[in-house]
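Engineer: Following this message is one structure expressed as structure tokens.
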Amino acid sequence: MRVEHVDFVSVLTQDLARAKRFYTEVVGLEVETEGASDLELRCGQVTLDVFDPSSIGQPFAPSPAGLALRVADVDAARVELEAKGVVFDGETIETSVCKQAWFKDPDGNALMLHRRYDV
């Protein structure tokens, strides 16, 4: 098997309309497609699928793993999101390879602003 690339990644929601407002109005992603139980958003080189699992009888659980959103300037993006009411989980972190700032969407899915130093 040869994997060509990732087509999409998913996060779960309990309120699709609320998730749409957050990801489009707060984060600034563009809607690719929208259905009764899911929403696909353009997120750089991959699609972000926001899905209501109750539509297929599955339980909801937020993802603690973290979706890294690459931005040009972590500090500036953080200030922009904080101005829109986003609360961050602690201070911005700087490692030997990157800068990151963690926050959650309204359903508790972990997200981070991220920038590697070498790109």
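The values are calculated or read from the model by the stated rules, or taken from the named source; none is laboratory data. Note that the structure is predicted; figures quoted are calculated from it, not measured. Neighbour counts are summed over all protein chains in view; Cβ atoms, including those assigned to glycine, are modelled from backbone coordinates with ideal geometry. Note: areas computed on protein heavy atoms with side chains; ligands, DNA, RNA excluded. Shrake-Rupley method; radii C 1.70, N 1.55, O 1.52, S 1.80 Å.
Residue-wise test of (1) closer than 17 Å to Val9 by Cβ; (2) free of Cβ contacts under 8 Å to residues at least 40 places away in the same chain; (3) open to solvent by less than 70 Å² (accessible area, probe 1.4 Å).
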| position | (1), (2), (3) |
| --- | --- |
| Cys43 | yes, yes, yes |
| Phe51 | yes, no, yes |
| Leu69 | yes, no, yes |
| Asp73 | no, no, no |
| Ala83 | no, yes, no |
| Cys98 | no, yes, yes |
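Engineer: What number of residues in segment 1-17 are in a loop (DSSP other than H, G, I, E, B) and closer than 21 Å to Gly66 by Cα? Give the steps one after another, and end with the answer.
Structural biologist: Going through segment 1-17, the residues in a loop (DSSP other than H, G, I, E, B) turn out to be 1-7, 13-15.
Filter once more, keeping what is closer than 21 Å to Gly66 by Cα: 5-7, 13-15.
Total satisfying the criteria: 6.
Engineer: Residues in segment 85-96 that are on the phi > 0 side of the Ramachandran plot and either of a type in the set (Lys, Arg) or without any contact (Cβ under 8 Å) to a residue 40 or more places away in the chain (or both): how many? Walk me through how you get there before you give the answer.
Structural biologist: Filtering segment 85-96 down to residues on the phi > 0 side of the Ramachandran plot leaves 85, 90.
Next cut, either of a type in the set (Lys, Arg) or without any contact (Cβ under 8 Å) to a residue 40 or more places away in the chain (or both) only: 90.
The number of residues fulfilling the criteria is 1.
Engineer: Given the criterion modelled with pLDDT under 95, within 30 Å of Tyr117 (Cα to Cα) and not charged (D, E, K, R), identify the matching residue among Val50, Val3, Val26. If you could, list the steps in order and put the result at the bottom.
Structural biologist: On the way: Val50 fails: modelled with pLDDT under 95; Val26 fails: modelled with pLDDT under 95.
After ruling out the rest, the residue left standing is Val3.
Engineer: Considering only residues that are surrounded by 15 or more Cβ atoms within 10 Å (Cβ to Cβ) and among the aliphatic types (A, V, I, L, M), which ones fall in segment 53-67?
Structural biologist: If the condition is that a residue be surrounded by 15 or more Cβ atoms within 10 Å (Cβ to Cβ) and among the aliphatic types (A, V, I, L, M), then Leu67 is the only one that fits.
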